[in-house]
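Notes for the one structure printed next.
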């Protein structure tokens, strides 16, 4: 049975409110969200409505991985993501995992592609690394923390200590400046709660307008 577009729109708004508001508000470059296929039965309609919802916030989506059960999406704000991955210290870490090395081979043969796009190439490489992880169950791409806008020192120490020895844990595991991180986590949580209240009350995400 074909899914009602209005019902699906409310579902998408709930997903965005619950998982992606810091990105929609341009506080961070991206959020990762795994969408179970039980929430939609028309993939084309799902992505059409999702695109329209994201357009209001000047954001986009990228399919990191999908299978029969779910779709792993990166919701991102292009300008901020491009700025972050262009920072020298971030770029150096990403290069150590193969990012930026095969740009031309990634874009070769893709119709309409002109200049090499650092964001596109970065996300394509992430997709390949994550697909390899799902296939082998080895080598999770922890550098994704940089793409998600986590502090670089926290990402480096998370990798170094294999997720242990952190000072506090919230939207990510914190190894440096825990008080600053806790304030940020609180702001993220308040924004989430505000967005969820608006969606559940039937007002959607219209409380915020760019």
Would you mind classifying the chain by shape? Square roots of the alpha carbon gyration tensor eigenvalues, ordered a ≥ b ≥ c; an a/c under 1.5 is rounded, otherwise it is prolate if a/b is larger than b/c and oblate if not.
-> oblate
Rounded FRET efficiency, nearest 0.05, which uses the C-beta distance separating residue 196 from residue 137 and R0 of 35 Å = 0.55
Mind telling me which of 127, 197, 137 comes out most flexible in a GNM of the chain, alpha-carbon contacts under 10 Å?
-> 137
Region 1-105: C-alpha gyration tensor shape, a/c 1.5 cut-off, then a/b vs b/c = prolate
With a point put 7 Å past each Cα toward its Cβ, work out how far residue 206 is from residue 160 in nm, to one decimal.
-> 5.0
Distance between modelled label sites at residue 26 and residue 58, nm, 7 Å Cα→Cβ extension = 0.3
MRE, 222 nm, helices only [DSSP H, n ≥ 4, -39500 (n - 2.57), over the chain, to nearest 500] | -15500 deg cm²/dmol
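Every number in this text was worked out from the coordinates using simple rules, so none of it is lab data. If you're wondering where the values come from, they're calculated on a predicted model, not measured in any experiment. Virtual Cβ from ideal backbone geometry, glycine too; neighbours counted across all protein chains shown.
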